[in-house]
Amino acid sequence: MAEADPTRLAARIAERPRDRIDTGPRFSESDAIRLNRMFRGRDTLEMLRSVMGDGLVGEVATVSSFGAESIVLLHLIAQVDASIPVLFLETGKHFPETLTYRDAVVQQLGLTGLRNLTPDAGMVAARDETGLRWSYDPDGCCEIRKVLPLASALSGFDATITGRKAFQSSTRANLPRFEVDTSDAQGRLKINPLIDWSGEDIQAYFEEHNLPRHPLVEAGYPSIGCAPCTSKVAPGEDPRSGRWKGWEKTECGIHSPTDDDDLPPGYEPAF
């Protein structure tokens, strides 16, 4: 089968109307298949230069938790375009160390597009008045503080870049580099540049570029989310086994389907 023509694909995306009333999909599953074929075996940085620098997939943002390994992807992205929108979900439940680390990484890499997404204050007051929803309904807490703010903020973007990696958990083991976001009716593209990187690859990149570590990693937290739902991980355990320990939950929900009907009328996050 013939390889996809990146110039034609970029032109097709550029021709699409930017108005949200357009109900046509930005990307289809066949687009994702073509992109995966196009960049099969290609270097990660080379791929990022094509999808970001050459406008291959339209308007792009990256979502970052500023967690244990986030700086690797951000360092790669900064080499292509340090002004890319970097979306951080400021849930109000983060470790203080994460917020300090976020600010240090942004400064070191020269990232100018940081956007702190906060949950709707009225929704928090109505659905999590005590701030303890995480203790009995972690899915509901994540929905209020992560899923809905991000869904609203992403409405103007054609594609998002994530830091997911196959080795992190069994739920991520078979993800491709390019996939269509099933939570978005308009077919937003989701890009996973590090999906085929191993844990050894990540650590080698840290050392090669002398990147600062999240201060909680040495304390036994290889995967870092909100403080109430993040536990230490024993050596040899799944790196994400410390997330929502004691619950069947394995993802916060931002990588899972969410209906647009879940968004309150006129909902807009503060950032």
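List of remarks:
- Of the residues making up region 38-53, those that are surrounded by 12 or more Cβ atoms within 10 Å (Cβ to Cβ) and within 21 Å of the chain's Cα centre (by Cα) number 9.
- Boolean, residue 143 is among the charged types (D, E, K, R), part of a loop (DSSP other than H, G, I, E, B) and more than 30 Å from residue 46 (Cα to Cα): no
- Taking the conditions (1) within 27 Å of residue 231 (Cβ to Cβ); (2) crowded, with 20+ Cβ neighbours inside 10 Å; (3) modelled with pLDDT of 95 or more in turn, residue 124 satisfies each one other than (2).
Per-residue answers, yes or no, for (1) within 26 Å of residue 215 (Cβ to Cβ); (2) of a type in the set (Gly, Ala, Ser); (3) out of contact with any helix residue (DSSP H, G or I) (no Cβ under 6 Å at 6 or more places or on another chain); (4) assigned to a loop (DSSP other than H, G, I, E, B):
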| site | (1), (2), (3), (4) |
| --- | --- |
| 30 | no, yes, yes, no |
| 46 | no, no, yes, no |
| 49 | no, no, no, no |
| 77 | yes, no, yes, no |
| 102 | yes, no, yes, no |
| 130 | no, no, yes, yes |
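- Residue, farthest from residue 40 (Cα to Cα), within region 165-179, restricted to residues that are crowded, with 19+ Cβ neighbours inside 10 Å and modelled with pLDDT of 85 or more: 179
- Filtering region 210-237 to residues that are over 20 Å from the mean Cα position of the chain (by Cα) and either at pLDDT below 75 or not in a loop (DSSP other than H, G, I, E, B) (or both) leaves 228, 236, 237.
- Verdict on residue 199 being in contact with a Phe, Trp or Tyr (Cβ under 6 Å, 6 or more places away or on another chain) and either surrounded by 16 or more Cβ atoms within 10 Å (Cβ to Cβ) or modelled with pLDDT of 85 or more (or both): yes
- Failed item, numbered, when residue 111 is tested on (1) in a loop (DSSP other than H, G, I, E, B); (2) surrounded by fewer than 20 Cβ atoms within 10 Å (Cβ to Cβ); (3) at pLDDT 95 or above: (2)
The values are calculated or read from the model by the stated rules, or taken from the named source; none is laboratory data. Keep in mind that what you see is a predicted model, and the values were worked out from it rather than measured. FYI the Cβ positions are ideal-geometry reconstructions off the backbone, even for glycines, and counts take in every protein chain you see.
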